[in-house]
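Bear in mind these aren't lab numbers, they're just calculated from the coordinates by the rules spelled out. The shown structure was predicted, so the numbers you read here are calculated from the model rather than taken from an experiment. Heads up, the Cβs are rebuilt from the backbone with ideal geometry, glycines too, and the neighbour counts pull from every protein chain shown.
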Amino acid sequence: KQEVTQIPAALSVPEGENLVLNCSFTDSAIYNLQWFRQDPGKGLTSLLLIQSSQREQTSGRLNASLDKSSGRSTLYIAASQPGDSATYLCAVRDDYKLSFGAGTTVTVRA
Amino acid sequence: DTAVSQTPKYLVTQMGNDKSIKCEQNLGHDTMYWYKQDSKKFLKIMFSYNNKELIINETVPNRFSPKSPDKAHLNLHINSLELGDSAVYFCASSPSDNSNQPQHFGDGTRLSIL
């Protein structure tokens, strides 16, 4: 059974600092790994999807890496802004479903 | 333009009642999902439908019955509600059940059982 862990559970940084969010998973037989953002009272927004054959994906200030063999992914957010405050969820896809971590709640202080 | 919309957004009801949550997507996707997010924020898949056919039923009590009248709609009916059913229920869709396509989520339905 796939288990996904995200560390830390919460993070508070001053504006402008770079953010590093970690995700680990127990079964490396995955098709892809996705990072989502969840705002309070809202659904999930897909940020990045990394295929199992890829090592990283980038979108603007966001960069996600994947090390499938060690069961790890890291989401980097450069030059954080107060608007980046949200919960970030990592999810891995196996044959038929997404398995989610509990998320990292980020607060960026102005 | 709401891509995946769920109604109602909030649902407060008594234990033992029966309730339904509706979901519609206007993205032309073939696959739809129901997830449950508990108080610890873990999201878990409940059901998945592809072109109106059930493809995932993740050990959910049979008090929960999904219905897909067409591929743009996936509704969730819950019988005999229990306290443990209190959670946020999310609907999602994807172009197909192909593993390499991202899922699009609705804003969730917050269900509270009194």
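Key figures for this structure:
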{"quantity": "Label-point separation, residue B:18 to residue B:65 (7 Å along Cα→Cβ), nm", "calculated": "0.7 nm"}
{"quantity": "Cα gyration tensor shape of the protein assembly as shown, rounded if a/c is under 1.5, else prolate or oblate by comparing a/b with b/c", "calculated": "prolate"}
{"quantity": "Share antiparallel - DSSP beta bridges, the protein assembly as shown, percent rounded to 5", "calculated": "90 percent"}
{"quantity": "Neighbour-count order for B:32, B:15, B:46, fewest beta carbons within 10 angstrom listed first", "calculated": "B:15, B:46, B:32"}
{"quantity": "Of A:82, A:14, A:40, the one that fluctuates the most in a GNM where chain A has Cα springs shorter than 10 Å", "calculated": "A:40"}
{"quantity": "Fraction of beta bridges assigned by DSSP in chain A that are antiparallel (%, nearest 5)", "calculated": "90 percent"}
{"quantity": "Peptide-level mean, for B:41-54, of C-beta atoms on other protein chains within 10 Å", "calculated": "3"}
{"quantity": "Rel. contact order, % - alpha carbon contacts under 8 angstrom, at least six apart, chain B", "calculated": "37 percent"}
{"quantity": "Per-residue Cβ neighbour rank within 10 angstrom, fewest leading, B:112, A:46, A:99, A:69", "calculated": "A:69, B:112, A:46, A:99"}
{"quantity": "Cα centroid separation, the range B:31-47 to the range A:1-73 (Å)", "calculated": "18 Å"}
{"quantity": "Order of A:44, B:11 under a 10 Å beta carbon neighbour criterion, fewest first", "calculated": "B:11, A:44"}
